[in-house]
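What follows is a short report on a single structure.
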Amino acid sequence: MSRAAGCYATRATHHDRRRRAIPTHRIAVVQAGSTLFDTPATLDRMARHVAALKDAGVELAVFPEAYVGGYPKGLDFGARVGSRTPAGRDDFARYHAAAITVPGPETARIGEMVAAAGLTLVTGVIERDDGTLYCTALTFGPDGTLIARHRKLMPTASERLIWGQGDGSTLPVVDTPVGRVAAAICWENYMPALRQYYHAAGVQFYCAPTVDDRDMWPVSMRHIAYEGRCFVLSACQFMTRADAPADYDCIQGNDPATVLIRGGSMIVSPLGEVLAGPVYGAEAVLVADIDPGDIARGKYDLDVAGHYARPDIFELRVDTRARPPVRATDG
């Protein structure tokens, strides 16, 4: 594994609890960057991380947003209001080529490495669907089967130039050997209605792949865990200029050591306790041994989709139908 990815930060929930036989799970977040525009190289890096996760006995792991396919931080793709440049179109063509189809050969390779490790894995990818790209989170079961796909509902700011919007058909909350898992990508976590939908669907392991390395992010992750009484696993990229090709037009500078995304990955308990992280300025894998009973302990006094809800006053309607732009009907 590259950089400092071999350093593990581990803490058990309720570590001061009296010793007794309790079933625990080992969960992890991987803080790593892509090899930008080189998806095969990124998958090679991913395989090394997954092998290390297996050796560490991890049962559920989360990789960052856009890990496979890359997050082109700092590029403007030649766009100004009312105009685009040929060079910007070339940048998009290269980004489009680095994206993956779902399912496809890249998801098959990820499935093979996941099956060999025997864990549940959530990872961010850039998904190619004909001419449109989506920022997507994929979930693989321990047998390597692709069991969930979630397309980011609302790309943020300039991301809307290069990514399409997902619809309500890709909002799965899936059962895994660890528990019920869902993913919300980066600033989707600031959408209260999406969070409430996941809470109502019984999410226990709330996965938040991101590239947001701001100081506010850990505060948000603790709030979401405390609000939903669920475990939050937030994986952020750590990416430097060296992870991008030589001809990358990087506004942050061209020193290979320049940090483009500084990390901040973390794991949080259902009572908002930070179990691992945040870590900045290095590639790392963060691990925590958790007691799933802490979810029930937390919901004892706050269940926002149960006894703490007021359905007589508030109602949330969610349309989970697919919304293709063209529908063909027989006859």
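Expected output is a single nm value to one decimal: the length gained when fully extending between MET216 and VAL326, i.e. 0.36 nm times separation in residues minus the C-alpha distance. What is it?
Working: separation 110, 0.36 × 110 = 39.60 nm, distance 4.04 nm.
Computed gain between MET216 and VAL326 is 35.6 nm.
Around ALA183, which amide H atoms from residues at least 5 apart in sequence, or from another chain, sit under 5 Å from its own amide H, with H modelled in the peptide plane?
For ALA183, the qualifying residues are CYS207.
Determine ³J(HN,Hα), in whole Hz, for all residues of segment 32-49 in sequence, where each value follows from phi through the Karplus function 6.51 cos²θ - 1.76 cosθ + 1.60 and θ = phi - 60°; x replaces Gly and Pro.
Using θ = phi - 60°, the values come out as 8, x, 7, 8, 4, 6, 10, 5, x, 5, 4, 5, 4, 5, 4, 4, 5, 5 Hz.
What number comes out for accessible area per residue over the chain if the probe is 1.4 Å? Units Å², please. Provide the component values of the computation, followed by the final result.
Working: 14800 Å² over 331 residues.
Result: 45 Å² of accessible area for each residue.
Amide H of ALA276 versus every other amide H placed in the peptide plane: which residues, excluding those fewer than 5 positions away on the same chain, fall under 5 Å?
For ALA276, the qualifying residues are ILE267.
Cα axis of helix 86-98 to longest principal axis of the chain: angle in degrees, 0 to 90, nearest 10?
Approximately 50 degrees, to the nearest ten.
What residues of segment 268-303 lie in the reach of a label at ALA257, counting those whose backbone N is under 18 Å from a point 7 Å from the Cα along Cα→Cβ?
280-283
With each pseudo-label sitting 7 Å past Cα toward Cβ, what's the LYS54-ALA157 distance in nm, one decimal?
4.0
Any chance you could run the full-extension gain for ASP129 through THR24? It's 0.36 nm times the residue separation minus the Cα-Cα distance, nm to one decimal. Don't skip to the end; give the middle numbers.
On the way: separation 105, 0.36 × 105 = 37.80 nm, distance 3.92 nm.
Full extension from ASP129 to THR24 adds 33.9 nm.
At 222 nm, what helix-only mean residue ellipticity would the chain give, in deg cm²/dmol to the nearest 500, using -39500 (n - 2.57) for each DSSP H run of four or more?
On the way: 7 runs with 76 residues, N = 331.
Computed mean residue ellipticity for the chain: -7000 deg cm²/dmol.
Using a cut-off of 14 Å between alpha-carbon atoms, which aspartates and glutamates can reach LYS54, once sequence neighbours fewer than 8 places away in the same chain are excluded?
Cross-link targets: GLU112, ASP143.
Per-residue counts of other Cβ atoms within 10 Å, averaged by peptide: what ranking do you get for 306-317, 112-123, 91-102, highest first?
Values: 306-317: 9.1, 112-123: 21.9, 91-102: 17.3.
Top to bottom by mean Cβ count within 10 Å: 112-123, 91-102, 306-317.
Could you tell me the relative contact order of the chain? Use alpha-carbon pairs under 8 Å, at least six residues apart, and round to a whole percent. Don't skip to the end; give the middle numbers.
Details: 744 pairs, mean separation 76.6, N = 331.
It comes to 23 percent, rounded to a whole number.
Just to be sure I understand, if you calculate Cα Rg over 2.2 N^0.38 Å for this structure, which of (i) 1.13; (ii) 0.98; (iii) 1.06 do you get?
Among (i) 1.13; (ii) 0.98; (iii) 1.06, the one derived from this structure is (ii).
Ignoring ligands, DNA and RNA, please state the percent of accessible area on the chain from carbon and sulfur, probe 1.4 Å. Working shown, then result.
Working: 7790 of 14800 Å².
For the chain, the apolar C and S fraction of the accessible surface comes to 53 percent.
Excluding residues on the same chain fewer than 8 positions from LYS73, give the lysines whose Cα lies under 25 Å from its Cα.
Candidates past the 8-residue exclusion: LYS152.
Taking the dipole about the Cα centre of the chain, with the C-beta of Lys and Arg at +1 and of Asp and Glu at -1, give me whichever of VAL58, GLN237, LEU302 is farthest to the positive side.
So the residue furthest toward the plus end is LEU302.
Could I have the simple spin-label model distance between TYR308 and HIS223, label points 7 Å from Cα toward Cβ, reported in nm to one decimal?
Placing both labels 7 Å beyond Cα along the Cβ direction yields 1.4 nm.
For segment 208-331, what does the relative contact order come out to in percent, with C-alpha contacts under 8 Å and a separation of six or more? Before the final figure, lay out each step's value.
On the way: 177 pairs, mean separation 29.0, N = 124.
Value for segment 208-331: 23 percent.
Extension gain THR145-GLU315, at 0.36 nm per residue separation less the Cα-Cα distance, in nm?
On the way: separation 170, 0.36 × 170 = 61.20 nm, distance 3.49 nm.
Extending this stretch completely gives an extra 57.7 nm.
Assign unit charges at the C-beta atoms only (+1 for Lys and Arg, -1 for Asp and Glu), then state the dipole size of segment 146-261 relative to its Cα centre in Debye, rounded to the nearest 20. Kindly include the intermediate steps, with their values, before the conclusion.
Values: 10 positive and 12 negative charges, 104 e Å.
Approximately 500 debye in magnitude.
The values are calculated or read from the model by the stated rules, or taken from the named source; none is laboratory data. Not measured: the values here are computed from a predicted model. Note that each Cβ is placed from the backbone with ideal geometry, even for glycine, and that neighbours are counted across all protein chains shown. What goes into the accessible areas is simple: the full protein's heavy atoms, side chains included, and nothing from ligands, DNA or RNA. Shrake-Rupley method; radii C 1.70, N 1.55, O 1.52, S 1.80 Å.
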